[in-house]
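Undergrad: The structure that follows is given in the form of structure tokens.
The values are calculated or read from the model by the stated rules, or taken from the named source; none is laboratory data. These figures come from a predicted structure and were not determined experimentally. Glycine also receives a Cβ, built like all others from the backbone with ideal geometry; neighbour counts cover every protein chain displayed.
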Amino acid sequence: MLEARDLAFGFPARRVGTGVSLRVERGQTLAVLGGNGAGKTTLLRTLLGLVPAQSGSVDIDGAPVASLTPTERARRLAYVPQQHVPPFGFTVEDIVLMGRAARVSAFARPGRADRAAAARALERLRIEALAQRPITQLSGGERQLALIARALAQEAPMLMLDEPTASLDFGNRARVLAELDRLRDAGLTIVFSTHEPEHALAHADRALLLAGGRPLASDIASRALTADNVTRLYGIPVDLVEVGTRKLFVHRADAPGPVPG
Amino acid sequence: MRSLEAQAPRMRAGPALSDLAAHPAPTPLLRAGRLPLALLLLVALVVVAIGVGRYPLSPVEVLRVLWLHVAGEATNSVADAIVWQIRLPRIGVSMLVGAALAAAGAAFQQLFRNPLVAPDTLGVSSGAALGAVLAILFGAGFAVIQLAAFAGGLAAVGIVMLIASRLTAHDALVTLILTGVVVASLLGAGISFAKYVADPYNTLPAITFWLMGSFASSTWRELAAIALPAGAAFVVLALLAWRIDVLALPEDEARALGVRTRLLRGAVIAAATLATAAAVAVSGIIGWVGLVVPHMARRIAGPRFARLLPLSAVAGAAFMVVIDTIARVAVVSELPPGILTAIVGTPVFIALLARTRQAL
């Protein structure tokens, strides 16, 4: 369980956001939304304990995140950062094994159990075939899956993903989101940031909307993600339309047919 | 999921780094076989190098002299004296210096995720040299010279990192190198000043001769004096090898994986600086080895530090033996090896730089 109360985050010289409270239960997914520069990444880094909170608290299973050692933190929380091209051509297997760092002592190398965990993670995401490929030579989607595999190898009950679908093509986006659903159903707690309100609606239990460093809404996804809130969040008129069982947000300028509600 | 997209990320974000480091990977089996091969090559080089000189010995004669000495049947032959008292310690010292500089370079490159850094481009060599020169200036003994070199090297890399972190340029790769070069040139001015105030009959020649980096007067004692700190540094780096791989990830990721990045980085910098200082204290500044050798080794060993470190060390040793053997016999009098490494290293560095700029 992850809980933040009246959190102010950012840096001493530049506060990024204030007044954020949120709560994610085990087996739930929280989506964090906000325009460019709204502070999504900084919020995630604060929840992860990588940046100290400016005020307020972040608790993981009841323990303040700041009180945990780096190892304890890494065993509870896994982080999938935003896409980047890694500096050295480590193989996917090497990268996934690095997820075991919190379980391998400083002077040791990963052992059999660690290799097994890495293999399980690759298998779970069905990317065993990539194991020996250098990470520098993967496509964006493959690299994203490799980074998720590394987080899974960490065997932490909580997963934080920073814009996991950004810069992915249509197919890879769907694959990654389906994977997140499966992981949530397997009992993991998931927090991810996204630029797609529809993804949040379809794949998250709860949603946090950040506008100008303040929470616009923090609620059950379907309650937080109303046409009104999304309109205010991005500053453009938006309608929520239903197509079959799917809900889509549409910019009003090109909304199809009569506007509901 | 592949095809076009596979190319895109490299062109988009692809800082030179990934381009320099990402090369077609040999199979793991091949990679594992490279180290024994390199060791064999090194031994062969050493045997040949022992025989080369004004009193030439064939490799077979060299092996015989070595064997007789080890077997306790040492004769008072000229060959025995030349091999055991003159050439072996010299070759040993040059090997250790090459290995230490290359290992330090490999560690710095991995640590800063930057294939262009090295003990010399980071200012560590200059800092160590200034420390050592000051110690020589005050007539200190060898242990103090070593300590001063270590302190100078640490101070230099500390200053370089501090300045580079304050300069928020978007090209962190080049910023670090430029800062290193600038600091190194300032330290060079400090060395010049020390030479200026040094006693011109006594201390100055000692400093000048030492700075040029020669192995001519190497002894077994010197060999031991460098083997100890360099060996300790190597063991620490080897033990931390896997962690150092994790440290090559971006800072946030390494921390999120549970690595105490600051502590680990401090340990790696200390170890790599100790190795550099050990080398500089015996042989002065010998540039380029720490830059070029680990880069070449990475192309063969791949990115994993557990493989990169030993191969760099062995290749550095082999490189230095070759350089010093040429320095011994190429001209009538001795040639400082630093001149030769510069002749080899400069064009390689320029080629590296050219490829970096192209990729940007």
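For every residue, the table says whether it meets (1) surrounded by fewer than 21 Cβ atoms within 10 Å (Cβ to Cβ); (2) under 24 Å from B:G213 (Cβ atoms); (3) out of contact with any His (no Cβ under 9 Å at 6 or more places or on another chain); (4) touching a residue at least 40 places away in the same chain (Cβ under 8 Å).
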residue	(1), (2), (3), (4)
B:W67	yes, no, yes, no
B:A79	yes, no, yes, no
B:V83	no, yes, no, no
B:M95	no, yes, yes, yes
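Undergrad: To continue, here is another question. Scanning the range B:242-286 for residues that are touching a helix residue (DSSP H, G or I) at 6+ places or on another chain (Cβ under 6 Å) and not in a helix (DSSP H, G or I), which turns out surrounded by the most Cβ atoms within 10 Å (Cβ to Cβ)?
TA: For the range B:242-286, the residue satisfying everything is B:I286.
Undergrad: Now a separate question. State whether the residues of the range B:300-320 include one that is modelled with pLDDT under 95, in a loop (DSSP other than H, G, I, E, B) and of a type in the set (K, R).
TA: yes
Undergrad: Out of the residues in the range B:136-168 that are in contact (Cβ under 8 Å) with a residue 40 or more places away in the chain and β-branched (V, I, T), state the one that is nearest to B:V182 (Cα to Cα).
TA: Out of the qualifying residues, it is B:V157.
Undergrad: Just the residues that are of a type in the set (S, T, N, Q) and within 20 Å of A:L208 (Cα to Cα), please, taken from the range A:229-252.
TA: The initial filter retains those residues of the range A:229-252 that are of a type in the set (S, T, N, Q), namely A:229, A:231, A:245.
Passing the criteria: A:N229, A:T231.
Undergrad: So which residues in the range B:100-136 are closer than 18 Å to B:G231 by Cα and surrounded by fewer than 24 Cβ atoms within 10 Å (Cβ to Cβ)?
TA: Once the filter is applied, which keeps residues that are closer than 18 Å to B:G231 by Cα and surrounded by fewer than 24 Cβ atoms within 10 Å (Cβ to Cβ), the range B:100-136 yields nothing.
Undergrad: Within the range B:1-110, considering only helices (runs of 4 or more DSSP H) that don't extend past its boundaries, which have at least 1 residues that are at pLDDT below 85, of a type in the set (K, R) and under 25 Å from B:W288 (Cβ atoms)?
TA: Working: elements: B:3-12, B:16-21, B:28-51, B:59-70, B:78-81.
Helices (runs of 4 or more DSSP H) meeting the threshold: B:28-51.
Undergrad: Next up: Looking only at the range A:42-88, count every residue that is in contact (Cβ under 8 Å) with a residue 40 or more places away in the chain and assigned to a strand (DSSP E or B) and tell me the total.
TA: 10
Undergrad: List the helices (runs of 4 or more DSSP H) that sit entirely inside the range A:89-176 and contain at least 1 residues that are more than 11 Å from chain B (Cβ to nearest Cβ) and farther than 24 Å from B:R299 by Cα.
TA: Working: elements: A:92-97, A:112-124, A:140-153.
The qualifying helices (runs of 4 or more DSSP H) are A:112-124, A:140-153.
Undergrad: Right, next: Could you tell me whether B:L228 is surrounded by fewer than 21 Cβ atoms within 10 Å (Cβ to Cβ) and under 18 Å from B:A151 (Cα atoms)? Steps first, please.
TA: Values: surrounded by fewer than 21 Cβ atoms within 10 Å (Cβ to Cβ): yes; under 18 Å from B:A151 (Cα atoms): yes.
For B:L228, the condition - surrounded by fewer than 21 Cβ atoms within 10 Å (Cβ to Cβ) and under 18 Å from B:A151 (Cα atoms) - is met.
Undergrad: When you scan the range A:189-203, do you find a residue that is charged (D, E, K, R), within 20 Å of A:T41 (Cα to Cα) and away from chain B (no Cβ under 14 Å), even just one?
TA: There is at least one residue in the range A:189-203 that is charged (D, E, K, R), within 20 Å of A:T41 (Cα to Cα) and away from chain B (no Cβ under 14 Å).
Undergrad: If B:G190 meets every condition in (1) of a type outside the set (A, V, I, L, M, F, W, C); (2) surrounded by 16 or more Cβ atoms within 10 Å (Cβ to Cβ); (3) within 14 Å of chain A (Cβ to nearest Cβ) apart from one, which number is that one?
TA: Single failed check for B:G190: (3).
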